[in-house]
Amino acid sequence: MAWTTTYGTRRSLLGAALGLAAGLGLSLPAAAADEPIKVRIGYQSLYAAGGEIAETLRHTNILELNGIEAEFRTFTFGGPLAEAAVAGDIDNVFAADAPVLRAMARLPGSKVLQFTHDARFGILVRPDFEGGLADLRGKTLSAPFGTTTFPRAMKAIIAAGVEKPFQDMTLVNQDVAEQTSAIQGKLVDGVTTWDPTLERLIQQKLAKPIWMAPRGENMGMQGFTGKWLEKYGEAGAVRFLKAWIMATWWTSNNIDQAHEWFGKTSRLPPDILKIASDFDRHLAKPIADIKTVDLTLTDSDIASTQGVMDFLLANKLLNAKIDAKSYFDMGPARKAQAEIAAGDFPDLAKIKVVTP
């Protein structure tokens, strides 16, 4: 597969290099050949609005324009997705910080490379529940333990006065896909969850919010396995990140189409998904200039992640301390953004839908 004309100069240089090598009787490594990068991408069927960007990559030719071939797999939440990466079934870990860091720590050479989206989450209770967070003492709360919403929600409950939630509450480790039936059947008093499940429960009046995390409290991020990075290096990472930037731009300008695609995957109506995209810094309105898309995570973001991992360790939900900062590398994202700013990316006019 040839790269698009955007990469014509590089292809010419590569051709010259190959010709020189042949003339000298030399050979270049296979990695230097103009071959597409291959990646097996996992994303969550119930993780808006990052899911919309993944759907754009799946249904358009953006990856192809960047010289990338991809396979896609969906998971209900970050825990199983991370386990798939550890098992070698996918090349990325796309989730919130806790499942991403848990996986990175088990995958030598792996790195978190990017911000993906702002994720809205909160604590919902049954409609007949009276009181606030402090009144969860003695109650039953559903939460997928492997997610970041769980420790962040626990910290909010502790701050509200329930100092020992692991002793004073009944906590149920439950897949996000099971939460709707659990609260509808009154098997639990509340859930900590995220969009689109959060908005679905509210709209269907199955639950009401008693606490909503502020914007920036939780965000999606994406890491890649050490094996994938070893094979494709920084150049491969930069190409993927440029594709993600292009997909973010396209999604923001075609949000209804992206909602339609993700609605089929999540089996939820687009109006429920819209709440999540309105919450996101990039998708809340059409992006006029692709150069404004920023995938970097700040030192403050990383410090917040460290706080989550330390909380898990203190409550014996981790076996060993994880130094979060050591797993983050914003170099490729900065390089991708610099190349975008310099105009070094495929022609946006060539983006097209390739699958319905």
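Within segment 40-115, considering only helices (runs of 4 or more DSSP H) that don't extend past its boundaries, which have at least 1 residues that are open to solvent by less than 10 Å² (accessible area, probe 1.4 Å) and charged (D, E, K, R)? Break it down stepwise before answering.
Numbers: elements: 50-59, 62-65, 78-86, 97-104.
Ranges flagged: 50-59, 97-104.
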Restricted to segment 223-246, and to residues that are closer than 16 Å to PHE115 by Cα and small (Gly, Ala, Ser), which residue is surrounded by the fewest Cβ atoms within 10 Å (Cβ to Cβ)? ALA237
Single condition LEU141 does not satisfy, out of (1) in contact with a helix residue (DSSP H, G or I) (Cβ under 7 Å, 6 or more places away or on another chain); (2) open to solvent by less than 40 Å² (accessible area, probe 1.4 Å): (1)
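Would you check if there is a residue in segment 147-159 being part of a loop (DSSP other than H, G, I, E, B), in contact with a Phe, Trp or Tyr (Cβ under 8 Å, 6 or more places away or on another chain) and open to solvent by less than 20 Å² (accessible area, probe 1.4 Å)?
Yes, some residue in segment 147-159 is part of a loop (DSSP other than H, G, I, E, B), in contact with a Phe, Trp or Tyr (Cβ under 8 Å, 6 or more places away or on another chain) and open to solvent by less than 20 Å² (accessible area, probe 1.4 Å).
Is it fair to say ARG58 is free of Cβ contacts under 8 Å to residues at least 40 places away in the same chain and either closer than 17 Å to PHE262 by Cβ or among the hydroxyl-bearing types (Ser, Thr, Tyr) (or both)? Spell out the reasoning first.
Details: free of Cβ contacts under 8 Å to residues at least 40 places away in the same chain: no; either closer than 17 Å to PHE262 by Cβ or among the hydroxyl-bearing types (Ser, Thr, Tyr) (or both): yes.
It is false that ARG58 is free of Cβ contacts under 8 Å to residues at least 40 places away in the same chain and either closer than 17 Å to PHE262 by Cβ or among the hydroxyl-bearing types (Ser, Thr, Tyr) (or both).
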Considering only segment 116-138, state which residues are part of a helix (DSSP H, G or I) and open to solvent by less than 10 Å² (accessible area, probe 1.4 Å). LEU136
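Yes/no per residue for (1) closer than 30 Å to MET330 by Cα; (2) in a helix (DSSP H, G or I); (3) touching a residue at least 24 places away in the same chain (Cβ under 8 Å); (4) open to solvent by 10 Å² or more (accessible area, probe 1.4 Å):
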| position | (1), (2), (3), (4) |
| --- | --- |
| PHE166 | no, yes, yes, yes |
| LEU171 | no, no, yes, yes |
| GLN179 | no, yes, yes, no |
| ALA182 | no, yes, yes, no |
| THR193 | yes, no, yes, no |
| GLU199 | no, yes, yes, yes |
| GLU217 | yes, no, yes, yes |
| MET221 | yes, no, yes, no |
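The values are calculated or read from the model by the stated rules, or taken from the named source; none is laboratory data. Note that the structure is predicted; figures quoted are calculated from it, not measured. Neighbour counts run over all protein chains shown; Cβ positions are idealised from the backbone, glycine included. The protein model used for the area step is the full one, side chains on, heavy atoms only, and it has no ligands, DNA or RNA in it. Shrake-Rupley method; radii C 1.70, N 1.55, O 1.52, S 1.80 Å.
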